[in-house]
1. Treating cross-link reach as a plain straight distance, find the aspartates and glutamates whose alpha-carbon is under 14 Å from the alpha-carbon of Lys125, omitting any fewer than eight places away in the same chain.
2. Going by amide H atoms built from the backbone, whose H comes under 5 Å of the H on Lys199, apart from near neighbours?
3. Please give the per residue accessible area of segment 46-86, computed with a probe of 1.4 Å over protein heavy atoms only, in Å².
4. Quick one, which of (i) 28; (ii) 57; (iii) 18 is the actual percent of Cα pairs over 34 Å apart calculated for this model?
5. State the extension gain, in nm to one decimal, for the chain segment bounded by Ile194 and Asn77, taking 0.36 nm per residue of separation less the distance between their alpha-carbons.
6. Can you give the FRET efficiency to the nearest 0.05 for Val94 and Ala144, using r as the Cβ-Cβ distance and R₀ = 30 Å?
7. Which lysines have a Cα less than 18 Å from the Cα of Lys62, not counting those fewer than 8 places away in the same chain?
8. Find how much the distance from Asp103 to Arg136 grows on full extension, using 0.36 nm per residue of separation minus their present alpha carbon separation; answer in nm with one decimal.
Amino acid sequence: NGRRPLVRNVKLVLNSGVANIASEPEGAEVVLNGISRGHTPVVVSEIPNGRMSLILKKNGYKTISQEIAINAGDRPNLHYTLEPLPGRINLTSVPSGARFYIDGEPRGAGPLSIGEVKPGTYTIKAEMDGCDSVSREIVVDNGATVNEEFRLLSNLAKLEVRTKPSGILVEVDGRKYGRTKGTGDASRWSESLIIPDLKAGEHTVRLSSRGFAEVVTHPVLKVS
């Protein structure tokens with residue numbers, strides 16, 4: 001106006017939105033309307049006005065998919081918590097058929113497949129009659145499948161009994177296992193009486209027959 005400057009204050013309005021997007025845990029990929037816009041935490045600018053699809057995805061976690069609405073000039077702070085994917089545990093044993101326990105809870109005989117397992121550390125125990133039990137810790141990661149094989153070692157032994165004369169009744173730990181058999185020569189040792197599947201360790205063996213003094217012995221058996 002003449003030589004006097006005229007001042008006009010003009011407020012500029014953005015024609016798009018800006019979003020601060022974060023997640024727990026960090027590192028999730030952000031996809032807006034099918035276009036990757038980085039990994040959390042991330043500031044996404046030039047977001048078109050209106051509704052759009054938002055996807056957050058990260059390995060080992062469930063994908064978040066939703067619609068969001070952002071108006072021109074908006075600057076929302078969006079925070080998401082990602083849910084871990086469950087894992088799976090596959091259990092086998094040698095020999096097969098072992099009974100499995102997870103953190104002390106019986107889960108059945110193998111081979112066994114257990115799904116929907118929360119990520120974490122678990123104690124697995126395998127046991128079978130006639131074998132030493134085996135325990136170990138395993139770690140199940142998000143969405144992972146853990147395959148574990150347990151090799152169980154036998155803890156059984158066998159006892160071989162021969163007598164002279166034959167016909168002697170053999171008892172082990174109070175249980176009768178029969179009499180030794182002769183070979184046809186009374187002056188020779190009897191045939192072997194094999195008693196299998198005895199636990200390793202000390203046992204009480206009692207030998208008896210009418211007309212003979214009873215014999216009691218305590219052999220210590222080892223796994224064969």
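The values are calculated or read from the model by the stated rules, or taken from the named source; none is laboratory data. The model shown is predicted, which means the values in this text are computed figures rather than measured ones. Ideal geometry is used to build each Cβ from the backbone, glycine not excepted, and the neighbour counts take in all protein chains shown. Surface areas here come from the heavy atoms of the whole protein model, side chains and all, with no ligands, DNA or RNA. Shrake-Rupley method; radii C 1.70, N 1.55, O 1.52, S 1.80 Å.
1. Reachable aspartates and glutamates: Asp103, Glu105, Glu137, Glu148, Glu149.
2. Ala157
3. Heavy-atom accessible area per residue stands at 64 Å².
4. Recomputing percent of Cα pairs over 34 Å apart here picks out (ii).
5. 34.2 nm
6. Efficiency computed from Cβ-Cβ geometry: 0.80.
7. By straight Cα distance, Lys62 reaches Lys118.
8. In short, 10.8 nm is gained.
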